[in-house]
Amino acid sequence: MSFPSKRDEQRYFNAAEVIAYEEIYGHKYWAETHQYYPYKISFYVIDPKGAEKLQKREDIGAKVVNIFFSICRDTSYKRIIDRKTEETAENRLIADDDMFSLVKCDYVVDSDTNSVLETKELVKEIVKREAGEQYV
C-alpha cells in the first residue's frame, strides 16, 4: 500500500488500529486488530522485533504464540536469488544474520528439511497443543 504523503500514512496508521508495525528492507509490515479479533486463532507472519513487540502488548486481548520457521542460509539464498540480484541476496543475508541471531519464540519448525505438508502438520500440532483440538 502506498500513501500520497507521510501525513496520509500517519492518519491511516492512527485510524486502523495497527499492531506490531515494523519496517524492514524498505517495506512496511503490520497487522490490524480487525484481522484477528473476530477469530479464535490468527496467523501473522512477522520478524523477531515485531513478534517481541506483539508479545509485550497487553491491550490486544489475545494469547500470542510465536513459531519460528527456520531455514538454512543456502536455501534462503536460493529463494532470494530467484527474485533479486546476487548483490541484493548477499546484503539481505547479512542483514538477516543480524535480525535472526536471537529469536525469542515458543516453537521452532524446521522448514528447510520438512516438506510443505510436513510443516503444515507440525503447525497443526502446535495449534492443537495451544488452542485445542476443535481449532484444527
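Condition (residue is at pLDDT below 75, loosely packed, with under 11 Cβ neighbours inside 10 Å and in a loop (DSSP other than H, G, I, E, B)) applied to the range 20-33: is it met by at least one residue? No - not one qualifying residue is present in the range 20-33.
Quick one: how many residues across the range 81-136 are of a type in the set (Lys, Arg) and either in contact with a strand residue (DSSP E or B) (Cβ under 6 Å, 6 or more places away or on another chain) or closer than 25 Å to Val64 by Cβ (or both)?
Looking only at the range 81-136, we keep the residues that are of a type in the set (Lys, Arg), and these are 83-84, 92, 104, 120, 124, 128-129.
Retained after the next criterion (residues that are either in contact with a strand residue (DSSP E or B) (Cβ under 6 Å, 6 or more places away or on another chain) or closer than 25 Å to Val64 by Cβ (or both)): 104, 120, 124, 128-129.
Going through the range 81-136 one residue at a time, the tally reaches 5.
Somewhere in the range 81-89, is a residue surrounded by 15 or more Cβ atoms within 10 Å (Cβ to Cβ), of a type in the set (Gly, Ala, Ser), assigned to a helix (DSSP H, G or I) and in contact with a Phe, Trp or Tyr (Cβ under 9 Å, 6 or more places away or on another chain)? Within the range 81-89, one or more residues are surrounded by 15 or more Cβ atoms within 10 Å (Cβ to Cβ), of a type in the set (Gly, Ala, Ser), assigned to a helix (DSSP H, G or I) and in contact with a Phe, Trp or Tyr (Cβ under 9 Å, 6 or more places away or on another chain). Contact annotation: residue pairs with Cβ atoms under 8 Å, 6 or more positions apart or on different chains, pairing a residue in the range 103-118 that is farther than 17 Å from Pro48 by Cα with a partner that is part of a loop (DSSP other than H, G, I, E, B) and not acidic (Asp, Glu), are Asp112/Ile71; Asp112/Cys72. Arg129 meets the conditions (1) crowded, with 16+ Cβ neighbours inside 10 Å; (2) more than 23 Å from Val18 (Cβ to Cβ) in every case but one. The failed one is (1).
Is there a residue being more than 16 Å from the chain's Cα centre (by Cα), of a type outside the set (D, E, K, R) and not in a loop (DSSP other than H, G, I, E, B) anywhere in the range 57-74? Within the range 57-74, not a single residue is more than 16 Å from the chain's Cα centre (by Cα), of a type outside the set (D, E, K, R) and not in a loop (DSSP other than H, G, I, E, B).
As for the range 103-113, it holds at least one residue that is exposed (fewer than 15 other Cβ atoms within 10 Å of the Cβ), over 16 Å from the mean Cα position of the chain (by Cα) and not β-branched (Val, Ile, Thr).
Could you list, in sequence order, all residues of the range 93-121 that are of a type in the set (A, V, I, L, M, F, W, C) and farther than 21 Å from Tyr25 by Cα?
Step one: filter the range 93-121 for residues of a type in the set (A, V, I, L, M, F, W, C), giving 93-95, 99-100, 102-103, 105, 108-109, 116-117.
Passing the criteria: Cys105, Val108, Val109, Val116, Leu117.
Assuming Tyr107 fulfils every condition listed in (1) modelled with pLDDT under 75; (2) among the aromatic types (Phe, Trp, Tyr); (3) closer than 28 Å to Ile126 by Cα apart from one, which condition is it? Checking Tyr107 against (1) modelled with pLDDT under 75; (2) among the aromatic types (Phe, Trp, Tyr); (3) closer than 28 Å to Ile126 by Cα, the one that fails is (1). Taking first residues from the range 71-82 that are in contact (Cβ under 8 Å) with a residue 40 or more places away in the chain and over 15 Å from Ser115 (Cβ atoms) and partners that are among the β-branched types (Val, Ile, Thr) and surrounded by 14 or more Cβ atoms within 10 Å (Cβ to Cβ), no Cβ contact under 8 Å between residues at least 6 apart in sequence or on separate chains turns up.
In the set Asp59, Asp96, only one residue is without any contact (Cβ under 8 Å) to a residue 12 or more places away in the chain and under 24 Å from Ala20 (Cβ atoms); that residue is Asp59. Of all residues in the range 35-57, those that are modelled with pLDDT of 75 or more and more than 21 Å from Lys124 (Cβ to Cβ) total 10.
The values are calculated or read from the model by the stated rules, or taken from the named source; none is laboratory data. These numbers were taken from a predicted model, which means no experiment stands behind them. Don't worry about glycine lacking a Cβ; one is built from the backbone with ideal geometry, like all the others, and counts go over all protein chains shown.
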